[in-house]
Amino acid sequence: MNTKGITLTRHILLEQRVHPSATGELSMLLTQIGLVTKIITRAVSRAGLVDILGVTGEVNVHGEEVKRLDEYANQTFINVFGHSGLVCTLVSEEMEKPRHLSENCSHGKYTLFFDPLDGSSNIDVNGTIGTIFSIHHRLSGAQHRTDKEWSRVGSDQVVAGYVIFGPSTVLVYTAGNGVHGFTLDPSIGEFLLSHENIRIPSRGKTYSVNEGHYPFWQPHTRALVDYLKEKDPTTGRPYSSRYVGSLVADFHRTLLHGGIFLYPSDTKNPQGKLRLLYEAAPLAFVVEQAGGRAGTGHERILDIRPVDLHQRVPLIIGSKEDVIMAEEFCGGRKKRVREKREKT
Ligand code: P6P
């Protein structure tokens, strides 16, 4: 297929043909995510010019300073989906509780999870930041809301992806039929297909972790990173270290070039730092669709059922062989009794 000039919208519609029963609502939802991204891109690219830098003086549910761009990005999601008729419930890193868009809840079929602006500590130094999103069918159909709408297993995601605001704005998504990337052409305001059917190399040459936390790591994490740094040309070691400190930037590089990203648990963060529902699970869906692997060291990310809306998990994600090797240092994955999935 000639992929020249395929827009995000056209690609989504082509994808929709793979699902004969599709009604077009999911395609519309994804297109709206593209709209949110364009609005955020405009703000991010002018952040240095408009008095939008700095902080609001507020802190979010995690006790972190809310940068104005975080708040702006979160509000953009609310504004765009508010009257879309597509989404009944929004779950955001920036909101303590789920936001029910009551005007949509009579027929909105989807629940949208998102981190509106990840890596915000990089905003004031013009660093790469990103948005992460995950879409689930509503648990209860379009009739009524349940307060467990947010407690979703990652393997039930319908769509997941992220947007990286770097030298260019790139949107990457999967709807379970491969992983595809689109680069925003600001001159025409369109996302154009630039990375068709992304596949992550089975092994990489880089590891990505904040080594400043080394004193707080568990012994097996130290042993793993020490191993990656040992010289052994027969196994392609030492690996190079790459760490931006922005999850989307570190993940995107790992997805395209291979390697491993880790945010392990440690004595300061016994559950790790990254959140399951709107950070680890969407990226795990993407990486598995690209042929990679994502886990905590002991279990598959996409098998975890959250017990808390903002639950944190340790994350090891990237090339399949690299992640399997890391899991061996962690003692390997626990055997799971597969949850009986009530089909709703
Ligand atoms: P640390 C950004 O604040 C973030 O949530 C992720 O984007 C990033 O991977 C991580 O935290 C960086 O955390 O402890 O290395 O500064």
Seminar exercise, completed: With a ≥ b ≥ c from the Cα gyration tensor eigenvalues, square-rooted, and the rule rounded for a/c under 1.5, otherwise prolate when a/b > b/c and oblate otherwise, segment 8-195 is oblate
For this session: Before anything else, pin down the relative contact order of segment 185-248: Cα pairs under 8 Å, at least 6 apart, normalised by residue count, whole percent.
Result: 35
Problem set entry | Those trypsin sites (Lys or Arg not before Pro) in segment 210-256 that DSSP places in a loop and that have at most 10 other beta carbons within 10 Å | Lys231
For this session: Provide the packing ranking of 300-306, 169-175, i.e. peptides ordered by the mean count of other C-beta atoms within 10 Å per residue, highest first.
Result: 169-175, 300-306
Problem set entry | Distance between segment 283-311 and segment 1-31 - C-alpha centres, whole angstrom | 26
For this session: Determine the distance separating the Cα centre of segment 197-235 from the Cα centre of segment 256-280; give it in Å without decimals.
Result: 13
Exercise. Hey, fewest Cβ within 10 Å first, where do Tyr227, Tyr278, Tyr110, Tyr214 land in order?
Worked result: Tyr214, Tyr227, Tyr110, Tyr278
Exercise. For segment 206-343, what relative contact order do you get, as a whole percent, if you take Cα pairs closer than 8 Å and at least 6 residues apart?
Worked result: 25
Problem set entry | Simple spin-label estimate for Thr267 and Ser106 in nanometres, 7 Å along Cα-Cβ | 5.8
For this session: Please give every one of the lysines within straight-line cross-link reach of Lys97, meaning a C-alpha to C-alpha distance under 27 Å, and leave out same-chain neighbours fewer than 8 residues apart.
Result: Lys38, Lys67, Lys109, Lys148, Lys268, Lys273, Lys343
For this session: If a/c stays under 1.5 just call it rounded; otherwise compare a/b with b/c (prolate if a/b is bigger, oblate if not). Do that for the chain, with a ≥ b ≥ c from the square roots of the Cα gyration tensor eigenvalues.
Result: rounded
Seminar exercise, completed: Those cysteines in the chain that have no second cysteine Cβ within a distance under 4.7 Å are Cys330
Exercise. Which of the peptides 70-79, 286-295 is most tightly packed, and how do the rest follow, judged by the mean count of other Cβ atoms within 10 Å per residue?
Worked result: 286-295, 70-79
Problem set entry | Length added when fully stretched, Val307-Ser241, from 0.36 nm per residue minus Cα-Cα | 20.4 nm
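Here, each number is a calculation from the coordinates, and none is a lab measurement. If you're wondering where the values come from, they're calculated on a predicted model, not measured in any experiment. Quick reminder, even Gly has a Cβ in these numbers, built from the backbone with ideal geometry, and neighbours come from all protein chains shown.
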